[in-house]
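Read the structure below first, then the notes.
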Amino acid sequence: MRTFFEVVSRAKYFVHFCSYGMSHQLIGALKMASMRVPVYGFASNVEPSTRVELTEYPTEAPGLIAKVIPTEQNIYDAPHQKLLIVDGLVAFKGSANLTMAGLRRADRGLDLSETVTDYAEITELNNTLFAPIWRKITAPEDVFSRPRISDW
């Protein structure tokens, strides 16, 4: 967990995150980072109070843009990836949720959290696990569609 706090506190360009569940303490760390750099992310399977912290007070941390994906209707379609990318230089991936319990279990070897520093792998993680979901939940479908020839 200490590594999470160290890396997030030193972000210089951006932070991307996705998780299945989140703790208020980790949201606080992301809000602090958002005072210096943009922080974008999404979470599913969160408590109502967590959803409120992530989405309903945008003026407290204007650099934090977070989305909550509802899981009540179809739990099998809710994103389940756990990923944190800082500045495109370091990523944490694995099965540990961005919760206090999840990161503490990982610290004790009871859950998986791997630190990645290979740029190509970090880019691949961002482009496969973060960006497609982020696009789907933040951009209208037609924004990224290819123009038709008849539109020319």
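The values are calculated or read from the model by the stated rules, or taken from the named source; none is laboratory data. What you are looking at is a predicted structure, and each value in this text was computed from that prediction instead of being measured. Glycine also receives a Cβ, built like all others from the backbone with ideal geometry; neighbour counts cover every protein chain displayed.
Tabulated data for the structure shown
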{"item": "Residue, modelled with the highest pLDDT, within the range 68-82, restricted to residues that are under 21 Å from residue 52 (Cβ atoms) and part of a strand (DSSP E or B)", "result": "68"}
{"item": "Qualifying residue in the range 29-45 (condition: at pLDDT 95 or above and loosely packed, with under 15 Cβ neighbours inside 10 Å)", "result": "yes"}
{"item": "Any hit, the range 100-113, residues being closer than 14 Å to residue 43 by Cα and part of a loop (DSSP other than H, G, I, E, B)", "result": "no"}
{"item": "Which numbered condition residue 21 fails, given (1) under 14 Å from the mean Cα position of the chain (by Cα); (2) farther than 16 Å from residue 71 by Cβ", "result": "(2)"}
{"item": "Single match in 101, 96, 139 (criterion: closer than 19 Å to residue 22 by Cβ, small (Gly, Ala, Ser), modelled with pLDDT under 90 and out of contact with any strand residue (DSSP E or B) (no Cβ under 8 Å at 6 or more places or on another chain))", "result": "101"}
{"item": "Residue 85 being surrounded by 18 or more Cβ atoms within 10 Å (Cβ to Cβ) and either modelled with pLDDT of 80 or more or touching a helix residue (DSSP H, G or I) at 6+ places or on another chain (Cβ under 8 Å) (or both)", "result": "yes"}
{"item": "Inter-residue pairs, beta-carbon under 6 Å, first farther than 15 Å from residue 117 by Cβ and at pLDDT 95 or above and in the range 1-16, second of a type in the set (Phe, Trp, Tyr) and not in a strand (DSSP E or B), 6+ apart", "result": "16/130"}
{"item": "Residue satisfying all of: in the range 90-130; surrounded by 13 or more Cβ atoms within 10 Å (Cβ to Cβ) and free of Cβ contacts under 8 Å to residues at least 12 places away in the same chain; nearest to residue 39 (Cα to Cα) among these", "result": "124"}
{"item": "Of all residues in the range 8-20 being surrounded by fewer than 18 Cβ atoms within 10 Å (Cβ to Cβ) and not basic (Lys, Arg), the one that is farthest from residue 123 (Cα to Cα)", "result": "9"}
{"item": "Members of the range 1-16 found to be assigned to a helix (DSSP H, G or I) and not polar (S, T, N, Q), listed by number", "result": "2, 4, 5, 6, 7, 8"}
{"item": "Selection within the range 22-67 - among the hydroxyl-bearing types (Ser, Thr, Tyr), closer than 14 Å to residue 97 by Cβ and part of a strand (DSSP E or B)", "result": "44"}
{"item": "Flag if residue 42 is more than 15 Å from residue 133 (Cβ to Cβ) and aromatic (Phe, Trp, Tyr)", "result": "no"}
